[in-house]
1. Tell me, which residue of the stretch 136-177 that is open to solvent by 20 Å² or more (accessible area, probe 1.4 Å) and in contact with a Gly (Cβ under 7 Å, 6 or more places away or on another chain) is farthest from P41 (Cα to Cα)?
2. Where residues in the stretch 78-119 are under 20 Å from S40 (Cα atoms) and part of a helix (DSSP H, G or I), which of them is most open to solvent (accessible area, probe 1.4 Å)?
3. How many residues, within the stretch 347-394, are part of a loop (DSSP other than H, G, I, E, B) and either in contact with a Cys (Cβ under 9 Å, 6 or more places away or on another chain) or more than 28 Å from V104 (Cα to Cα) (or both)?
4. Inspect all residues belonging to the stretch 206-222 and state whether any of them is within 14 Å of the ligand (Cβ to nearest atom), assigned to a loop (DSSP other than H, G, I, E, B), in contact (Cβ under 8 Å) with a residue 24 or more places away in the chain and of a type outside the set (K, R).
5. Could you look through the stretch 271-286, keep only residues that are more than 10 Å from the ligand (Cβ to nearest atom), open to solvent by 30 Å² or more (accessible area, probe 1.4 Å) and under 15 Å from L224 (Cα atoms), and pick out the one that is nearest to the chain's Cα centre (by Cα)?
6. D225 is checked against (1) in a strand (DSSP E or B); (2) open to solvent by less than 20 Å² (accessible area, probe 1.4 Å); (3) away from the ligand (no atom under 12 Å from the Cβ) and fails just one. What number does that condition carry?
7. Residue check, R155 against (1) without any contact (Cβ under 8 Å) to a residue 40 or more places away in the chain; (2) outside any loop (DSSP other than H, G, I, E, B), all met but one. Which one?
Amino acid sequence: MAGGAGIHSLFIKPGREKSLKRRHPWIFSGAVARVEGNPSPGETLLVRSSGAEILAVAAYSPYSQIRARVWDWQDREIDAEFIAQRIKNAAAARRTTDVCTRLVHGESDGMPGIVADRYGETVVLQLLSAGAEYWREAIVSAIADLPGITRVMERSDADVRALEGLRPRSVWLRGAPAETPQIVTEHGLRYTVDIEQGHKTGFYLDQRENRLLLRKLVSAKNVLDCFCYTGGFSLNALAGGAAAVTAIDSSAPVLAAAQANAARNNLCGVEWMEADVFQALRGFRDGGRRFDVIVLDPPKFAPTSAHAEKAARAYKDINLLAFKLLSPGGALMTYSCSGGVNAELFQKIVAGAALDAGVDAVISAWLHAAADHPVMLSFPEGEYLKGLVCRVRA
Ligand code: SAH
């Protein structure tokens, strides 16, 4: 037996081993018969069947419904070397041409609860589970050792940390604090990324390829970008030759950043609106306004499937309004980043919205997060971002 983990064991209830045997990396509290030994939060334990067969090694999360997260399926030592190797492997799997990239994508990179985004020489890290917290020093050292990295900032301020009994934490860990905001380049456009205060780690890297796709749909079109954040889709619409762009967000600071980003790229022609999208879309409907291309990229309405029903109503509402606002032959690019709404359900919601709007529409593309956000086949929850391009009949 490998050292370390062997002193603690988590026993699975009889008949509840199935998902583990299918290599799903989460062990829910309801499947746990008992824990032997006295593991502290984040410590490694052996996961055993009711017959004491070793099924996995995992990190213990005593306060979370997800009671343990699997590091590996065989009995092996989890130590700083293991952590460093996983991080090196994750980094090696990224395209070397992307200097702004997600380096580590949680479970799908074999690193449950760990997210690392690279912006040039700076890595922004999120440690979101007890296991991630336990291995903090090893993780930070391994990231700081990657070639080309001089600074590491921690942005562990996501709500999910509370579920693990962890406090939010936002702090520079390595290197002198970078000048913030930082400037990053994506598809030839320059953006300020506020890694200290911005959403998530500062930028929505997951939409990289989809922002490029929008460019191809908008030549001479009148575009509406809903939930525009720092202007990613709007700037790409202008770069793709849109005739006019209207961009809506409810946050004044992100709109100010979006405007600065447009100016930085010498792009003009965006009507920036500080408004609630739900209300703004109704206002456009009542005012008889029409758009040729509409982007809907809302925040996460359903963090888990428990929120799916309420989220479904919100998705239906904005998609229905968007279908009504499209000019004949127009295109809707619509997303859900809710883990609790899977691709099948999202497509059903959008189909219901088109039906209620009284339009015929076809799906012309199924969209996903960029390739640096891989999805482990045994962990479909990893596919959190799904999108559709729907074209309505002319
Ligand atoms: N499309 C963006 C990311 C969108 S993130 C990109 O590619 O970078 C979601 C955005 O929705 C955030 O900027 C948030 O401020 C905004 N938001 C959340 N609820 C809103 C609402 N009800 N109305 C308008 N904006 C909202």
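1. By that ranking, first place goes to T150.
2. Within the stretch 78-119, the first condition is being under 20 Å from S40 (Cα atoms), and the residues that meet it are 78-80, 82-83, 111-114.
Among the residues that remain, those that are also part of a helix (DSSP H, G or I) are: 80, 82-83.
Details: A80: 54, F82: 12, I83: 0 Å².
Step by step, filter the stretch 78-119, then rank; the result is A80.
3. Taking the stretch 347-394 first, the residues part of a loop (DSSP other than H, G, I, E, B) are 358-360, 369-379, 383-385, 393-394.
Cutting the leftovers down to either in contact with a Cys (Cβ under 9 Å, 6 or more places away or on another chain) or more than 28 Å from V104 (Cα to Cα) (or both) gives us 358-360, 369, 384-385, 393-394.
Number of matching residues: 8.
4. No: the stretch 206-222 contains no residue that is within 14 Å of the ligand (Cβ to nearest atom), assigned to a loop (DSSP other than H, G, I, E, B), in contact (Cβ under 8 Å) with a residue 24 or more places away in the chain and of a type outside the set (K, R).
5. Checking each candidate, the answer is W272.
6. Single failed check for D225: (3).
7. Looking at each condition in turn, R155 falls short on (1).
The rows are residues; the columns are (1) over 16 Å from I7 (Cα atoms); (2) among the β-branched types (V, I, T); (3) touching a residue at least 12 places away in the same chain (Cβ under 8 Å); (4) part of a strand (DSSP E or B).
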| position | (1), (2), (3), (4) |
| --- | --- |
| P41 | no, no, yes, no |
| V47 | no, yes, yes, yes |
| S50 | yes, no, yes, no |
| L55 | no, no, yes, yes |
| A59 | no, no, yes, yes |
| S64 | yes, no, yes, no |
| A68 | no, no, yes, yes |
| R76 | no, no, yes, no |
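The values are calculated or read from the model by the stated rules, or taken from the named source; none is laboratory data. Fair warning: this is a prediction, and the values are worked out from it, not measured in the lab. Don't worry about glycine lacking a Cβ; one is built from the backbone with ideal geometry, like all the others, and counts go over all protein chains shown. Heads up: the accessible areas ignore ligands, DNA and RNA and are worked out on the full protein's heavy atoms, side chains in. Shrake-Rupley method; radii C 1.70, N 1.55, O 1.52, S 1.80 Å.
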